[in-house]
Amino acid sequence: MSRFAIVLCLSFMSVFLIVLSVRAESPTSSLSIKTGYFIPRIDGWSDHFDEKGVWFGGLELGWKLTRRFELSLNLDYSQTKGKATTPTGRASADEATFQQVPVYASLLYRFIFYEDQPIVPYIGGGFTHQFYRQRLDGDKVSGDQDGYHLRGGLQLLLDYVDPGTAGDFFSEWKVFNTYLTIEAIYSKVDDFGGRDVDLGGWGYVGGLLFEY
């Protein structure tokens, strides 16, 4: 690593620590644990898989620019299995497997107007980079594609349900707020029109959000 890169990294860390110390009285970051159901728009999906979509799990990290604006990085994982088909369209004995790992970089806006607001709507969008791996009829194909996404949802503050636990979370883990989240996300992942196959679709997500 060059001396310039080392200086740049140390400078970034110093600025980050200063921001944390200045904004110690309000959340500076967030962590989300998620699960949901994704319905892809891949042509021929129903020919190989019985289910309309696939269940997935994911993690999201957020860095607050202000109390309302936030940059986030989200990673999901899903895998589904089905039956391969013969050239005549009949089911074969081979198994079809499809794995995908979408990575979402988002700018979020949360409609929060005061601390301890019980319901917080939010919207956002950004860049999507999606990895995939497919095994079909014994052949393996893997790759990645780019695209974009739009998302929106609601945060339901859980601190009102059990204030005692909320206080313990803050004392031990510096968790300012805990939310139950519900969200819908739309993605289009076809290399911005450069691919015939669109790996995007609709996702419906639930999870827990912790603000630090």
Inset, instruction - Pairs only if they're at least six apart or on different chains, beta carbon under 8 angstrom, first in segment 186-198 and at negative phi, second loosely packed, with under 14 Cβ neighbours inside 10 Å and assigned to a strand (DSSP E or B); list them, first residue then second. - result: none
Inset, instruction - Could you tell me which of the residues 143, 153, 125, 138 is under 19 Å from residue 73 (Cβ atoms), more than 12 Å from the chain's Cα centre (by Cα) and touching a residue at least 12 places away in the same chain (Cβ under 8 Å)? - result: 153
Inset, instruction - Could you please tell me which pairs satisfy a Cβ distance under 8 Å, a separation of 6+ or placement on different chains, a first residue in segment 62-84 that is closer than 16 Å to residue 130 by Cβ, and a second residue that is of a type in the set (Asp, Glu)? - result: 73/60; 74/60; 75/60; 80/51
Legend entry - Residue, farthest from residue 195 (Cα to Cα), within segment 113-130, restricted to residues that are surrounded by fewer than 16 Cβ atoms within 10 Å (Cβ to Cβ) and of a type in the set (Phe, Trp, Tyr): 114
Legend entry - Which listed residue, of 96, 184, is outside any loop (DSSP other than H, G, I, E, B) and at pLDDT below 95: 96
Legend entry - Positions within segment 26-79 being among the polar types (S, T, N, Q) and either crowded, with 17+ Cβ neighbours inside 10 Å or within 17 Å of residue 109 (Cβ to Cβ) (or both), in sequence order: 26, 28, 29, 30, 32, 66, 72, 74, 78
Inset, instruction - Among the numbered conditions (1) assigned to a strand (DSSP E or B); (2) of a type in the set (A, V, I, L, M, F, W, C); (3) exposed (fewer than 15 other Cβ atoms within 10 Å of the Cβ), tell me where residue 192 comes up short. - result: (1)
Legend entry - Every pair of residues 6+ apart whose Cβ atoms lie under 6 Å, when the first sits in segment 100-112 and is surrounded by 20 or more Cβ atoms within 10 Å (Cβ to Cβ) while the second is in a strand (DSSP E or B) and of a type in the set (Asp, Glu): 102/76; 108/70
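The values are calculated or read from the model by the stated rules, or taken from the named source; none is laboratory data. Values in this document were obtained by computation on a predicted structure and should not be read as measured data. Because the Cβ atoms are built from the backbone with ideal geometry, glycine has one as well, and the counts that use them run over all protein chains shown.
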